[in-house]
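Data first, discussion second: the structure below is written as structure tokens.
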Amino acid sequence: DMYVSISPDDATILLCKDTLLDRTGYSKDELIGAPVFILYPEDCLDSANEAFAQFTATGEVSDWELILKTKDGNRIEVSLNVTAVKDQTGKILYSMSAWRDITERKQAEDALKESEARLIQAQRTAGMGHYSFEIETNKVTWSQGMFELLGYEQSDKIDFEKLNALIHHPDDLDRVLSWANDCINSEQTNPVSNEYRLIRKDGE
């Protein structure tokens with residue numbers, strides 16, 4: 001943990017431990033007497049000010065997530081915990097503040113979120129139908145998911161030459177065909193998307 005003591009009057013740093021100096025690259029002379037806000041990047045200042053306001057109002061801050069800025073501009077994700085030292089009248093004299101480096105935890109959380117998003121996407125696409133269309137032969141091939149999506153059986157005699165009129169909503173068909181033709185004739189190789197309505201075998 002990186003420990004400092006902060007003045008409640010003007011947020012200046014009164015004391016700091018060597019751990020903070022080692023992690024941020026600042027010297028003790030550069031930090032003592034300086035406002036604590038020099039240790040925060042600009043995009044974190046609002047949250048840092050809120051944390052300081054809570055400290056001066058209540059004497060405590062718990063697990064407040066912030067970002068520290070090192071002298072060379074790197075960022076350290078931290079969790080701030082603050083306890084106030086008070087005199088006999090209850091006036092806050094200074095803080096006992098500790099920043100705990102949570103960079104690895106945040107990276108793990110981000111990786112978990114990404115993994116969960118991929119899992120959700122995999123679960124969604126697993127139940128989706130897809131088909132292929134061979135331009136040269138006009139051959140259409142459905143996946144099993146496509147049959148299930150539209151309520152058809154493999155044994156159903158589907159006229160694939162009339163497939164567009166069979167499965168596309170009539171109000172969407174011309175737009176879809178025009179879009180598909182543009183895609184076929186385009187040199188664009190990146191995936192493109194469109195939204196339209198399909199009609200199931202049962203009419204839904």
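The values are calculated or read from the model by the stated rules, or taken from the named source; none is laboratory data. As the structure is a prediction and not an experimental result, all values here were calculated from the model. Cβ sites come from the backbone with ideal geometry, for glycine too, and all protein chains shown count toward neighbours. The area values use the complete protein model at the heavy-atom level, side chains included, leaving out ligands, DNA and RNA. Shrake-Rupley method; radii C 1.70, N 1.55, O 1.52, S 1.80 Å.
How many residues are of a type in the set (K, R) and under 19 Å from T24 (Cα atoms) if we restrict to region 90-104? Total satisfying the criteria: 1. Residue count for region 150-162 under the criterion of being part of a loop (DSSP other than H, G, I, E, B) and surrounded by 13 or more Cβ atoms within 10 Å (Cβ to Cβ): the result is 3.
Count of region 99-114 residues, restricted to those that are surrounded by 10 or more Cβ atoms within 10 Å (Cβ to Cβ), without any contact (Cβ under 8 Å) to a residue 60 or more places away in the chain and more than 12 Å from the chain's Cα centre (by Cα), is 4. Selection of first residues in region 14-33 that are over 19 Å from L80 (Cβ atoms) and in contact (Cβ under 8 Å) with a residue 24 or more places away in the chain and of second residues that are open to solvent by 60 Å² or more (accessible area, probe 1.4 Å) and of a type in the set (D, E), restricted to Cβ pairs under 8 Å at least 6 apart or on distinct chains, gives the following pairs, ordered by first then second residue: G25/D72. Filtering region 25-56 to residues that are farther than 15 Å from T70 by Cα and among the small types (G, A, S) leaves G33, S47, A48, A51, A53. If you go through region 5-51 and keep only what is among the β-branched types (V, I, T) and either in a helix (DSSP H, G or I) or at pLDDT below 95 (or both), you end up with T19, T24, V36, I38.
If the condition is being out of contact with any Asp or Glu (no Cβ under 9 Å at 6 or more places or on another chain), open to solvent by less than 30 Å² (accessible area, probe 1.4 Å) and of a type outside the set (S, T, Y), then region 137-149 contributes W142, G145, M146.
Against the conditions (1) within 30 Å of Y40 (Cβ to Cβ); (2) touching a His at 6+ places or on another chain (Cβ under 8 Å), L198 satisfies every one except (1).
If only one of A180, A165 is open to solvent by 70 Å² or more (accessible area, probe 1.4 Å), of a type in the set (G, A, S) and in a helix (DSSP H, G or I), which one is it?
Values: A180 fails: open to solvent by 70 Å² or more (accessible area, probe 1.4 Å).
That would be A165, the only listed residue that is open to solvent by 70 Å² or more (accessible area, probe 1.4 Å), of a type in the set (G, A, S) and in a helix (DSSP H, G or I).
Scanning region 103-110 for residues that are under 24 Å from D18 (Cα atoms), out of contact with any Asp or Glu (no Cβ under 7 Å at 6 or more places or on another chain) and at pLDDT 95 or above turns up nothing. Of all residues in region 151-176, those satisfying the criterion of being without any contact (Cβ under 8 Å) to a residue 24 or more places away in the chain and under 17 Å from S132 (Cβ atoms) are Q154, I158, F160, E161, L163, N164, V176. For region 52-92, name all the residues that are part of a strand (DSSP E or B) and open to solvent by less than 40 Å² (accessible area, probe 1.4 Å). V61, L66, I67, L68, I76, V78, S79, L80, V82, A84, V85, I92, listed by residue number. Say we look at region 35-50 and pick out the residues that are out of contact with any helix residue (DSSP H, G or I) (no Cβ under 7 Å at 6 or more places or on another chain) and crowded, with 19+ Cβ neighbours inside 10 Å; which of these is farthest from L15 (Cα to Cα)? Only one residue tops the list, namely C44.
Annotation: D29 fulfils all but one of (1) over 30 Å from the mean Cα position of the chain (by Cα); (2) open to solvent by less than 70 Å² (accessible area, probe 1.4 Å); (3) not aliphatic (A, V, I, L, M); the unmet one is (2).
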